[in-house]
Amino acid sequence: MTGPSATRSSLLLSPALAVILFLVGAPLGLMAWISLLDKGGSSGVDWTAAASPANYVRLAWEEDFDGTMILNTSYLTIFLRSVVQAGLTTALSLLFGLPVALWMAGLSRTGREIMLLVITIPFWTNLLVRNYAWLIILREDGWTAQVVNAVLPFGPVQLLYNDIAVAIGLTYSFLPFMILPLYAVFEKFDWRLLEAAHDLGANRRRALTRVVLPIATPGIVAGCLLVFIPCLGAFVTPALLGGGRTLMLGNVIQMQFGASRNWPFGAALAVVLLAVMLIAMTGVALWRNRRAA
C-alpha cells in the first residue's frame, strides 16, 4: 500500500501507536535504563551514576573480599526453580484442563453456560483470599493432611510451605486460563470425526492422539502460554504457600523493590524475566509459522 492510502492508514494508527508507546514502551524503557544504574542512598536509584551492566553480572557472579569475582548460583537456582514450577504448573493444568474442556464441549447449551460460570467464579474473589483458603486446606492439622497421612504408610506428610503446596496453589490459580482456550477449540469440534475414527477401527487412545489432539493444538499452545508466562512472575502464591522457603523470581523482584530498596537490581531481574517471556513467545510464533507453512 503506497501513496495517500498508506498515509491515511498511518494517521489512523498513530493514536494507537502513541498510546502503546506511552503506556508500554516508556515504562519498559525506563526499567531497562534503571537496571543499568546503581542503588541509591536514601532512594532506590542513584540517577547520577554511570550506566553499567554490573547488575546483570550480579545475577551469576559476586565480588569476594579481595576483589575477585566468584560464581554465585543463588539467583540461577531461583530462576531454574521458577522455570520448573511454571513448567510443572503448565503440565498439571493441561492434564486436568484438557478432559474438563472436552467434557464441557459435549454438554448442552445450558450445561456449558453453567460450567463457564463455575470456572470463572474464582476470579470474583481476590487471589490473596484464595491463597489464604489453601493455607487452611493444607495446614498440618487440616482434614487434607489427616486424610493423606491416614492413607500413606510412611510418616507425617508436610503439605504446606514446600514446592508441593506452591504447585497446588499455582495450578489452582491458573487452571481456568488453560480450560477456557481449550473449550473455545472444542466448542466448534465436529464430533462426527470421532465417529468416523471409530468406524475405521481406531480405539479411544488412537482417536485421542490422531483426531482430538491435532485439532486442539491451537488451544493447547494458547493455554500453555497463558499459564506458563504469568506463572514465571508469580509471587503471591509462593510467598504464602511456600512460606519463604520456596522463592521464585517474582518474590526476589518484589523484595528488591520493597525491603531491599535496590531498584536497579530488581529492574535487571525484571528485564531478564521479560526476555525469557519474549523468547518463549517468539519460539511459539516461529513454531506456528513453520507448522502453517
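Structure values in brief
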| quantity | calculated |
| --- | --- |
| Relative contact order, percent, segment 6-89 [alpha-carbon distance under 8 Å, six or more residues apart] | 14 |
| Amide H contacts of G243 (H built 1.01 Å from N, under 5 Å, at least 5 apart or other chain) | none |
| Taking R290, R112 and counting other C-beta atoms within 10 Å, the order from fewest to most | R290, R112 |
| Farthest positive-ward along segment 191-293 dipole, Cα basis, beta-carbon charges - from A202, F228, L278 | A202 |
| Relative contact order computed over segment 1-142 (Cα-Cα under 8 Å; 6+ residues apart), in percent | 8 |
| Distant-in-sequence amide H partners of G40 (H built 1.01 Å from N, under 5 Å) | V45, D46, W263 |
| Dipole magnitude of the chain, debye to nearest 20 (Cβ charges: Lys/Arg +1, Asp/Glu -1, about Cα centre) | 1060 |
| Relative contact order [Cα under 8 Å, 6+ residues apart], segment 74-249, whole percent | 38 |
| Global form of the chain, assessed from the alpha-carbon gyration tensor, a/c cut-off 1.5 | oblate |
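Each reported figure results from applying straightforward, stated rules to the coordinates on display, with no laboratory input. Source: prediction; values computed, not measured. So basically every Cβ, Gly included, is an ideal-geometry build from the backbone, and we count neighbours across all protein chains shown.
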